[in-house]
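A.B. asks: The structure under discussion is supplied below as structure tokens; questions concerning it will follow.
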Amino acid sequence: YYFAIKAMDEVGLTSPMNIGPAVTATTLDAVGPEAVDDLTASIGAGGLLLLNAPAIAASGQYSATTARTKATDRLPTTYWSTPGRATMQNEFITLDAGGLKNLGRVRMLSRTAGALFPENLQIQVSTDNVNFTTVANGVGLPATPGTWHTFNFGPAAGRYIRVFITKTRLSGGGVYMAHVAEIE
């Protein structure tokens with residue numbers, strides 16, 4: 001038997017393949033494992049667990065290629081874009097953690113090109129996707145391309161995470177927009 005490991009980081013860079021030495025099985029295990037009935041996750045490095053929380057709603061999108069799902073696809077080259085608006089208005093994107101979780105951090109990546117990352121925003125948490133509580137604020141955020149913005153907050157119980165944008169940016173085309181490459 002041979003085992004190999006290839007790792008990928010949060011921006012999609014991969015390591016070379018690590019191929020270990022050959023292993024010989026000395027006994028044949030002919031009995032399959034029992035059914036798993038208590039699948040749990042363990043805490044990762046630094047006490048953090050990265051959730052799979054897809055985007056389920058947004059205030060809108062510019063086009064099909066910049067849909068809300070692009071903000072949670074773990075591909076830093078894709079992004080969600082709000083529609084271009086003649087006047088500035090609040091925008092949002094909502095993620096579903098799949099169940100009640102103890103949340104404490106949200107990270108957002110700006111696009112690698114362009115400078116339309118939201119200037120002001122709130123991180124909000126909800127248990128029912130109706131009543132949201134603001135747990136973190138970002139004010140005067142830079143639009144620097146390819147930058148991770150981290151929002152740490154005290155543990156908050158919630159299933160839904162909403163990024164509520166209170167200040168978008170004026171694009172070169174003269175419309176107000178916000179672009180977000182990734183949310184985790």
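A.B. asks: Could you estimate the translational diffusion coefficient of the stretch 61-153 from the Stokes-Einstein equation, with Rh from the Kirkwood formula over C-alpha pairs, at 37 °C and 0.692 mPa s, in whole µm²/s?
C.D. replies: Numbers: Rh = 14.5 Å.
Estimated via Stokes-Einstein, D reaches 227 µm²/s.
A.B. asks: Starting from the 7 Å offset along Cα-to-Cβ, what nm value, one decimal, do you get for the label separation of Thr87 and Ala64?
C.D. replies: 3.2 nm
A.B. asks: In nm, what is the difference between 0.36 nm times the number of residues separating Val139 and Arg74 and their Cα-Cα distance? It would help to have the intermediate numbers written out before the result.
C.D. replies: Details: separation 65, 0.36 × 65 = 23.40 nm, distance 2.49 nm.
Between Val139 and Arg74, full extension yields 20.9 nm more.
A.B. asks: Next up: Along its principal axes, what span do the Cα atoms of the stretch 137-184 show, with the longest given first and each in whole Å?
C.D. replies: Per principal axis, max minus min of the Cα coordinates gives 40, 19, 19 Å.
A.B. asks: List the lysines whose alpha-carbon lies under 24 Å from that of Lys101, not counting same-chain residues fewer than 8 positions away?
C.D. replies: List returned: Lys70.
Laboratory data are not the source of any read-out in this text; all were calculated from the coordinates shown. Only a predicted model underlies this, so the values are computations on that prediction, with no experimental measurement involved. Positions of Cβ are generated from backbone atoms using ideal geometry, with glycine treated the same way; all protein chains shown enter the neighbour counts.
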